[in-house]
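Below: one structure, written as structure tokens.
The values are calculated or read from the model by the stated rules, or taken from the named source; none is laboratory data. Computed from a predicted model, the values in this text were never measured in an experiment. Positions of Cβ are generated from backbone atoms using ideal geometry, with glycine treated the same way; all protein chains shown enter the neighbour counts. We work out accessible area using only protein heavy atoms, side chains counted, and drop any ligands, DNA or RNA first. Shrake-Rupley method; radii C 1.70, N 1.55, O 1.52, S 1.80 Å.
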Amino acid sequence: MTARLLAAVAVVAALVLGPATPALAYQPVNIVHTEHVEAGPYALTIGFSVWPLRAQRSLDWVFIPDGGIAGKSGTLSLAGPDVPADEAHQPLVRHPRRLDVWGLDVKSLDSPGAYTFTFDVDGPQGHGTGALRGLAVLDQPGPPSALSWAVCAIPLAALIAFLVIAWRRDRPSRRLLPLPG
């Protein structure tokens, strides 16, 4: 009996988990636009998963040095409108879904304007610095944030109004029994 039960559980688990495995896989980084930067003796290719860039829109960034990232390290300095101080300078780290390159996963820029990416790369050929200047970031897509939030708040406001009206009509305080005294 237990062997049949175990077999039935295995079949059900295979039917449930089997189709889900492709859905659990990460999508590869799809690079649609590239720019090139010379950082001293190192040539870098900067890849973007979305083009043109728009404010408040998440995208993947990859930084690919010629010859790979083995034996190299570096930092990324970001300058532009409203760049938070904690994001202005950061080490170049492996992209979480593309381990053979450096990158940022689902990063967005908060404000439109011109940005500068400065790369400091250290490796077997010494130190190199290069910059990608004038990277244009357009306004955010869609309606303004305040309008979006206002439209999204309408169902919540209607629910609160419904609950207040229902509470006032029912008047639960009228049904309270006096305390025996």
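Pick from GLY123, GLY128, GLY134: which is in contact (Cβ under 8 Å) with a residue 60 or more places away in the chain, touching a strand residue (DSSP E or B) at 6+ places or on another chain (Cβ under 6 Å) and closer than 30 Å to LYS72 by Cβ?
GLY128
Are any residues in segment 110-140 over 18 Å from LEU92 (Cβ atoms) and open to solvent by less than 50 Å² (accessible area, probe 1.4 Å), and if so, which ones?
SER111, GLY113, VAL137
Within segment 137-181, count every residue that is closer than 30 Å to ALA79 by Cα and among the hydrophobic types (A, V, I, L, M, F, W, C).
5
Please identify the pairs in which a residue from segment 62-84 that is touching a residue at least 12 places away in the same chain (Cβ under 8 Å) has its Cβ atom under 9 Å from the Cβ atom of a residue that is open to solvent by less than 50 Å² (accessible area, probe 1.4 Å) and charged (D, E, K, R), counting only partners at least 6 apart or on another chain.
Listed by first residue and then by second, the contacts come to PRO65/LYS72; GLY74/ASP120; THR75/ASP120; LEU76/ASP120; SER77/ASP120.
Provide a single number: the residues in segment 38-70 that are over 26 Å from PRO112 (Cβ atoms), open to solvent by less than 70 Å² (accessible area, probe 1.4 Å) and not β-branched (Val, Ile, Thr).
7
Does GLY142 satisfy the condition of being at pLDDT below 90, in contact with a Ser or Thr (Cβ under 8 Å, 6 or more places away or on another chain) and not in a strand (DSSP E or B)?
In short, yes.
Return only the number of the condition from (1) farther than 15 Å from THR118 by Cβ; (2) open to solvent by 80 Å² or more (accessible area, probe 1.4 Å); (3) modelled with pLDDT of 90 or more that ASN30 does not satisfy.
(3)
So which strands (runs of 3 or more DSSP E) stay within segment 1-120 end to end and still have 2 or more residues that are farther than 24 Å from GLY134 by Cβ?
Values: elements: 33-39, 42-48, 59-65, 73-79, 89-91, 98-107.
Those strands (runs of 3 or more DSSP E) span 98-107.
Go through ALA153, ALA166 for me and flag whichever is within 36 Å of the chain's Cα centre (by Cα) and hydrophobic (A, V, I, L, M, F, W, C).
So the residue among ALA153, ALA166 that is within 36 Å of the chain's Cα centre (by Cα) and hydrophobic (A, V, I, L, M, F, W, C) is ALA153.
Kindly evaluate LEU24 against the criterion of being open to solvent by 50 Å² or more (accessible area, probe 1.4 Å), more than 18 Å from PRO124 (Cα to Cα) and modelled with pLDDT under 90.
Here the answer is yes, as LEU24 does meet what is asked.
Filter segment 96-109 down to the residues that are within 24 Å of PRO141 (Cβ to Cβ) and in contact (Cβ under 8 Å) with a residue 60 or more places away in the chain, then identify the one that is most open to solvent (accessible area, probe 1.4 Å). Write out each step before concluding.
The initial filter retains those residues of segment 96-109 that are within 24 Å of PRO141 (Cβ to Cβ), namely 97, 103-109.
Keeping just the survivors that are in contact (Cβ under 8 Å) with a residue 60 or more places away in the chain gives 97, 103.
Values: ARG97: 62, GLY103: 6 Å².
Result: ARG97.
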